[in-house]
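Heads up, the thing below is written out as structure tokens.
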Amino acid sequence: RYPHLLTPLDLGFTTLPNRVLMGSMHVGLEEAERGFERMAAFYAARARGGVGLIVTGGIAPNEEGRPYEGGAKLTTEAEAEQHRTVTEAVHREGGRIALQLLHFGRYAYHRDLVAPSPLQAPISPFVPRELTDADIERTIEDYARAARLARQAGYDGVEIMGSEGYLINEFIAAQTNRRTDRWGGSYENRMRFPVEIVRRVREAVGEDFIVIYRLSMLDLVPGGSSLDEVITLGKAVEAAGATIINTGIGWHEARIPTIATSVPRGAYTWVTKKLMGEVSVPLVTTNRINTPELAEELLAGGYADMVSVARPMLADPDFVAKAAAGTPEAINTCIGCNQACLDHTFSGRITSCLVNPRACHETELVLSPTRLKKRVAVVGAGPAGLACAVSAAERGHAVTLFDAASEIGGQLNVARKVPGKQEFDETLRYFRHQLDAHGVDVRLDTWVTPETVADYDEVVVATGVTPRTPDIPGVDHPRVLGYLDVLQGGAPVGDRVAVLGAGGIGFDVAEFLTDGGDKAHEDPETYFRHWGVDMSYQEPGGLAAPQRPAPPRQVHLLQRKTTKVGAGLGKTTGWIHRTELKHRGVTMVPGVRYDRIDDAGLHITVGEESTVLEVDTVVLCTGQEPRRDLYDELVAAGRSAHLIGGADVAAELDAKRAIKQGTELAAAL
Ligand code: FMN
């Protein structure tokens, strides 16, 4: 079914079993207590799942290159020794693993940060120290030493991270490299640093060791590389000894989304295709490739020789094995949300996965076969109930899943209505498959009372939430709608709208109501026009003027809290939503008191100032209440029950928390 994907790749001295590379992800275990043991379990599971080649998260080649103080580095034999746990575990499963060398350069979050020139990054609070010629020589040696140590630790290769705006990129781009010595000025001088690194790494490790170079093929920043320069560097890196060239897209400081869920699947693969034929080493393409179908299509279409899948490997360690078995419908698909992976990384927490809470927690959250088969009733087929039901059934319990609605999914059915959030459809498909595969008895259109579940050993209440109606005079005025009326009910909405509450749902509703209908999230060409990326790659960095459709209506997004609107959104995606709404002319106002709603519109007070927003429609996104009727009835009848998901904590709709809690409960039943 996937002939290209499953074709081995001969590298001369070794052969990879297929065309899937697990993209590098720094997951936080690198610095955690018992981290190596946990990483061993994490990577071994992916090796067992058949991935062709694993690349670890970035590890610094020296002290200054670390992401922050205490960040992982590979500089001594003692450090190399610790990695043996990881390499041995992967090799026991028949896998291959390369270590990524990543020097943070001016993006480092400590005071000893360095760069080719002393220019502060727009996303950093610190000014870097300019490297001297001797420092540069030493840094290159540090890369070579780290590569030698990686080989000693049992790795099959290294990946030299040359993209996303880190040190190597900072040398390459004239924007960040103002040097006048042999490391700056002409392009030949600016690319000397990466080329020397590859050359000396190759010298250090010998011929029979994989050296991947992650080449920044599209910088997405003003003053970034041109396509000609990218091709020139690709050729030079190959000549210097790289075995494989991987693709890097966008610097961290770029203001164009590169991996969020709203990025169409495989949107950036055209970039890698531009290098096909220019070099003779295998090329890897990347970003938002989350199904084996798409991967196969890309390989068959000559976009690359291999595909990188990073987050999809968090979502499902068996991505390749399931493809090879001809059961892609069994894959837990990455939805590109970043909520438990990149958001965690950037806030110092250990990575996991919204749809697979076991990711990076393989030794902590274990679903072992049960010794005592119980009859388990799960009430509510939203994310918490679904996760609990399928995991309990997987363990061998006899599970019945009830829902009053005629379809599974709960609030996921609401989320998937928001443009750019259609990936939730895959989560529902996956859960449907799991319910079936593990023989869960699903009873829809069923209103559960304590009698319904009288005969079960365990009752899990996952009855979700109902929207909260705030106490505002006039809240029952006909111009007031709830978010469900808008997202699910298709209620007519006027030209001027006030959205009350600027949490995740408020933002979703504001985006839904101002969507200009260009369907940018569905089609790469439209997407790049929308965000301002030039697919003909005429300008350095690949930027163009954005072209967005006009919004169909005027929206005010209001919140009571005095903090910045959108402050509670995801760390790595909040800016995307704020940028989008700004472009659509949405006014975002914090510190609002809602005085009343009447025929004139919405009366508000901000600070000392009272005004009337003359709006036709007011949409309430003012939180939700837990639905605990069944739970209260069970408790009143002296029954014990477990409460999970929104029915437990309703504060903000949170599928990540719901799925994790459901899975953890199932592990303990
Ligand atoms: N890329 C690197 O080159 N080095 C890293 O250390 C690294 N850490 C990452 C950590 C997390 C949690 C995530 C989600 C991504 C990271 N990336 C890193 C980027 C990925 O390699 C990849 O380019 C990106 O996730 C897009 O691919 P995907 O859609 O297959 O996930």
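Remarks
- Summary: within the chain, the longest segment free of GluC sites (Glu not before Pro) located in DSSP loops with at most 10 other C-beta atoms within 10 Å is 208-450.
- For the range 386-504, the solvent-accessible area works out to 41 Å² per residue, with a probe of 1.4 Å and every protein chain left in place.
- Whether the range 619-669 is rounded, prolate or oblate, judged on the alpha carbon gyration tensor where a/c under 1.5 counts as rounded: oblate
- Carbon/sulfur fraction of accessible area - the range 358-461, other protein chains in place, 1.4 Å, %: 46 percent
- Between Ala651 and His91, the FRET efficiency estimated from the beta carbon spacing at R0 = 51 angstrom works out to 0.70.
- Axis angle, to the nearest 10 degrees, between helix 35-48 and the longest C-alpha principal axis of the chain: 90 degrees.
- With each label modelled as a point 7 angstrom along the Cα→C-beta vector, the Tyr187-Arg1 pair spans 4.4 nm.
- Fraction of accessible area attributable to carbon and sulfur, the range 1-49 (%, probe 1.4 Å): 51 percent
- Among the chymotrypsin sites (Phe, Trp or Tyr not before Pro) in the range 397-474, those located in a DSSP loop and surrounded by at most 13 other Cβ atoms within 10 Å of their own Cβ are Trp447.
- The chain: angle of helix 383-394 to the longest principal axis, Cα-based, in degrees nearest 10: 70 degrees
- Over the chain: helical MRE at 222 nm, DSSP H runs n ≥ 4 each giving -39500 (n - 2.57), nearest 500: -9000 deg cm²/dmol
- For the range 414-470, the calculated P(r) over all alpha carbon pairs, in 10 Å bins from 0 to the bin holding the longest distance, is 16, 33, 37, 13, 1 percent.
- Quotient of Cα Rg and 2.2 N^0.38 Å for the range 72-148, N being how many residues it contains: 1.39
- Column: log10 I(q)/I(0), Debye, Cα scatterers of the range 375-501, q = 0.22 Å⁻¹: -1.22
- Difference of contour (0.36 nm per residue) and Cα-Cα distance, Glu633 to Asp445: 65.7 nm
- Note on Ala600 and Thr180: with the Förster distance fixed at 51 Å, the Cβ-Cβ geometry gives a FRET efficiency of about 0.20.
- Distance violations [Cα-Cα > 23 Å] among Lys417/Lys582; Lys561/Lys660; Lys519/Lys561; Lys322/Lys374; Lys273/Lys417: Lys561/Lys660; Lys519/Lys561; Lys322/Lys374; Lys273/Lys417
- Across the chain, Cα-Cα pairs more than 52 Å apart make up 13 percent of the total.
- Residue separation of Tyr68 and Lys564 scaled by 0.36 nm, minus their Cα-Cα distance, works out to 175.9 nm of gained length.
- Loop sites in the range 164-243: trypsin sites (Lys or Arg not before Pro), DSSP, at most 16 other Cβ within 10 Å: Arg178, Arg182
- Distance from the alpha carbon centroid of the range 441-457 to that of the range 10-41 works out to 44 angstrom.
- Principal-axis analysis of the Cα atoms of the chain puts helix 504-514 at an angle of about 90° to the longest axis.
- For the range 145-203, the per residue solvent-accessible surface stands at 32 Å², with DNA, RNA and ligands left out and a 1.4 Å probe.
- Dipole magnitude of the range 394-533, debye to nearest 20 (Cβ charges: Lys/Arg +1, Asp/Glu -1, about Cα centre): 420 debye
- Potential lengthening between Thr132 and Gln82 on full extension [0.36 nm per residue; Cα-Cα distance subtracted]: 14.8 nm
The values are calculated or read from the model by the stated rules, or taken from the named source; none is laboratory data. Here the structure is a predicted model, which is why all the values come from computation and not from measurement. No Cβ is skipped: glycine too gets one built from the backbone with ideal geometry, and neighbour counts run over all protein chains shown. When the accessible area is computed, the model is the full protein with side chains, heavy atoms only, and any ligands, DNA or RNA have been set aside. Shrake-Rupley method; radii C 1.70, N 1.55, O 1.52, S 1.80 Å.
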